[in-house]
Amino acid sequence: CEERKNRRERYEQAGMCGKCGKHAPITLNRLKWCEICYLKNLAGLHLGQPSRWQELKNLFATQSICPYSGIQLILGQNVSVDHIVPRSSGGADEICNLQFVYLSGSFDVNGMKGTMNHSEFVAAIKQINDFISKG
């Protein structure tokens, strides 16, 4: 709707969340988001229901370091949501199967992991590290 589009543009020009008009510290794909709207978007994508955003907030509160790179994660800046057991291997869209991983520019942990599950990816990282250490 045109009215909603105009409202979003006004909010974003004022540095506020394009969805709700609150303070927006997160800019993603040129869109401004408040933390709650950002998490609602992720919950809709990965849990099937935006109303489950609090579960992602709680997950991030307990896991704000990438389990693979050890890099400190900053919500809305350098994170991606990863399925521990990929969907392609039957992994569920449930909070117990999700983790936050590092994403920055071309360094995309989730993309590198691809269709591997957690243990397969850890084994691949170990193989690469062993190879580099020998060389």
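May I ask you to verify whether residue 50 is at pLDDT 95 or above and either touching a Ser or Thr at 6+ places or on another chain (Cβ under 6 Å) or surrounded by fewer than 18 Cβ atoms within 10 Å (Cβ to Cβ) (or both)?
Yes, satisfied.
Hey, among 132, 65, 128, 95, which residue is out of contact with any helix residue (DSSP H, G or I) (no Cβ under 8 Å at 6 or more places or on another chain) and at pLDDT 95 or above?
Selected residue: 65, the only one of 132, 65, 128, 95 that is out of contact with any helix residue (DSSP H, G or I) (no Cβ under 8 Å at 6 or more places or on another chain) and at pLDDT 95 or above.
Search the stretch 84-101 for residues that are basic (Lys, Arg) and pair each with any residue that is open to solvent by 50 Å² or more (accessible area, probe 1.4 Å) when their beta-carbon atoms are under 8 Å apart and the residues are at least 6 apart or on different chains.
Close Cβ pairs satisfying both conditions: 87/93.
Could you grab me the full set of residues in the stretch 79-135 that are among the polar types (S, T, N, Q) and over 14 Å from the mean Cα position of the chain (by Cα)?
Once the filter is applied, which keeps residues that are among the polar types (S, T, N, Q) and over 14 Å from the mean Cα position of the chain (by Cα), the stretch 79-135 yields 88, 89, 106, 115, 117, 119, 127, 129, 133.
Of the residues that sit in the stretch 17-30 and are without any contact (Cβ under 8 Å) to a residue 24 or more places away in the chain and open to solvent by less than 70 Å² (accessible area, probe 1.4 Å), which one is nearest to residue 59 (Cα to Cα)?
24
The values are calculated or read from the model by the stated rules, or taken from the named source; none is laboratory data. Since we're looking at a predicted model, the values are computed, not measured. Here Cβ is always computed from backbone atoms with ideal geometry, including for glycine, and neighbour counts include all displayed protein chains. Heavy atoms of the whole protein, side chains included, go into the accessibility calculation; ligands, DNA and RNA do not. Shrake-Rupley method; radii C 1.70, N 1.55, O 1.52, S 1.80 Å.
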